[in-house]
1. Report the label-to-label distance for residue 217 and residue 230 in nanometres (one decimal), using points 7 Å from each Cα along the Cα→Cβ vector.
2. Stretch residue 158-residue 375 to full length: gain in nm at 0.36 nm per residue minus the Cα-Cα span?
3. Please report, in cubic angstrom per residue, the volume enclosed by the convex hull of the alpha-carbon atoms of region 16-134.
4. Given R₀ = 35 Å, FRET efficiency for residue 16-residue 93 by Cβ-Cβ distance, to 0.05?
5. In Å and on Cα atoms, what radius of gyration and Dmax does region 208-346 show?
6. Using only the C-alpha atoms of region 246-292, find the volume of their convex hull and express it per residue in Å³.
7. Can you sort 83, 340 from fewest to most other Cβ atoms within 10 Å of each residue's own Cβ?
8. Eigenvalues of the Cα gyration tensor times 5, then square-rooted: what semi-axes does that give for the chain, in whole angstrom, largest first?
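Values quoted throughout were computed directly from the atomic coordinates according to the rules given, and no laboratory measurement underlies them. Predicted model only: the values in this text are computed from it and were never measured. Heads up, the Cβs are rebuilt from the backbone with ideal geometry, glycines too, and the neighbour counts pull from every protein chain shown.
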Ligand SMILES: *Cc1c(COP(=O)(O)O)cnc(C)c1O
């Protein structure tokens, strides 16, 4: 009984459908326990179809997919890469793997994602300096697409390829088009906390079939066509296992349900908390649909009398896992001294979102009862000092 009462409510935990075992068993019965195999081939096709791109390459993580994309774009030492600042560190780590130099771009308030204004200023300056970036990594935070029309047209103007980090936005759309399909490369993650999971895994998608062919080559140790083991370039061991791809296939079958469930959780949070003064939910841009991977909101401490930290603490005491919004990368010790272009002269939007924003438990397997418990404790912690 005690155990049930104390059951932890997670931010976003894996949610199996049951069908995963069918694909895993198939792999066992045919002894395809290798990286690569029929599940990998099928999962790649199914993702490519779903997203509406030519092809997909299944890899060991979303981070690996970003790294491959940068390698394919020949990003190397001395090159610059622009990247959203309000994101998980995995968006930018591969820039460092390549020995290149990140430049961070602030968020704007309507999507919390890359500010076209900041991007424009950064591109103009880089152009004047004669040192345009080799790539721009655009993140779709918590499922919400960035302002793709503006960003794509600006990058086209300077002929700079986009890597769309859609690790959090599988199942989302922007003007009717699938998230992840806007850049030269799109990246998905199937880490345990994402909207669908393969326990760990990722996917690189593109309409450039030749580039993806090279991605497969690089991701399997870059083995030359030769009768012996011969290598002329640096390769990686980045492919997805056939077992994990089996999990992915079953997960993809229920993706639409998972999106619905997460959106429903968002709606209920919004109904219960959206009317409270000082609370603002992450917006959804017109003509876009977010998968609402995580419900995120900001708290104006001056109005509510409660900081996000006291809410987080109050939830933690009740064994409820909630988190503050990603700490912007330009504020990370790892990236000390890296330039960040702010939304406008006086406002750093991402810093504001970090200081005031938090993410509530949003797992698609969370029960209504559990969600009501979360809401209850959020409301109570608001009352503490009001
Ligand atoms: C999860 C995540 C990644 C990395 O994916 P992994 O599969 O964990 O390597 C990259 N970018 C963002 C925005 C993410 O949320």
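1. Here the modelled spin labels are 1.3 nm apart.
2. On the way: separation 217, 0.36 × 217 = 78.12 nm, distance 4.67 nm.
Residue separation times 0.36 nm, minus the Cα-Cα distance, leaves 73.5 nm.
3. Numbers: hull volume 18.0 nm³, N = 119.
Considering the Cα atoms of region 16-134, their hull volume per residue is 151 Å³.
4. Values: r = 29 Å, r/R0 = 0.82.
Efficiency, from the Cβ-Cβ distance: 0.75.
5. 22.8, 71
6. On the way: hull volume 4.1 nm³, N = 47.
Per residue, the Cα convex hull of region 246-292 comes to 87 Å³.
7. Numbers: 83 27, 340 20.
Going from least to most buried by this count: 340, 83.
8. Details: eigenvalues 234, 162, 56 Å².
Each semi-axis is the square root of five times an eigenvalue, giving 34, 28, 17 Å.
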